[in-house]
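Worksheet: the structure to be examined is printed underneath.
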Amino acid sequence: MDTAAQSVVHRWLEKALALMLEHEAELGRLDAVAGDGDHGATMVRGLRAADAALAGATGSIGQLLQQAGAAFADAGGASGALGGALLATAGQQLGDGPCDLPAVTAALQAATDQVARLGKAQPGDKTLHDALYP
């Protein structure tokens, strides 16, 4: 069991969840302008599912991210699918490591590219891709 990888992924998901909980209502209000207003709730649901999926899970950081991504995708909606793909693609790219700066950079780029492909987005479209692109 790679407890270091499990700890890193779990802590990251906890921090992301805390931020989403803090801004859940605001994200919902912003989403309601052009959508159904569930973005904040979907992100919270996805992050909770991703974190819960790792309870007792073992493996490399790449494997754990893939498991978290699959669980996040089950949260539903476009945000669930894109968030799940983001995590899973980063995990596939990282694999068994190493998890050094070049590897993490490549994983994040691959995940960003996958989100762009799935969402048929490019910089400037005012989508998740704009937040990831920089």
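FYI, it's all coordinate maths here, none of it is from the lab. Model, not experiment: these values are computed from the prediction. Heads up, the Cβs are rebuilt from the backbone with ideal geometry, glycines too, and the neighbour counts pull from every protein chain shown.
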Given labels modelled 7 Å from the Cα in the Cβ direction, how far is it in nm from ALA4 to ALA18?
-> 2.3
Taking a label point 7 Å from the Cα of CYS99 along the Cα→Cβ vector, which residues of region 62-91 have an amide N closer than 19 Å to it?
-> 62-72, 84-91
Region 57-93 scanned against label point 7 Å out from ASP113 along Cα→C-beta; backbone N under 17 Å for 85-93
At 0.36 nm per residue, minus the direct Cα-Cα distance, what do LYS126 and ASP36 gain on full extension? Give it in nm, one decimal, please.
-> 30.7 nm
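Rounded, prolate or oblate: which fits region 51-106, taking a ≥ b ≥ c as square roots of the Cα gyration tensor eigenvalues, rounded meaning a/c under 1.5, else prolate when a/b beats b/c? Intermediate results must be reported in sequence, preceding the final value.
Values: a/c = 3.30, a/b = 1.41, b/c = 2.34.
Oblate.
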Counting pairs of alpha carbon atoms under 8 Å apart in space and at least six apart in sequence, what relative contact order in percent does the chain give?
-> 18
In degrees between 0 and 90, to the nearest 10, how far off the longest principal axis of the chain does helix 61-73 point, with axes built from Cα atoms?
-> 30
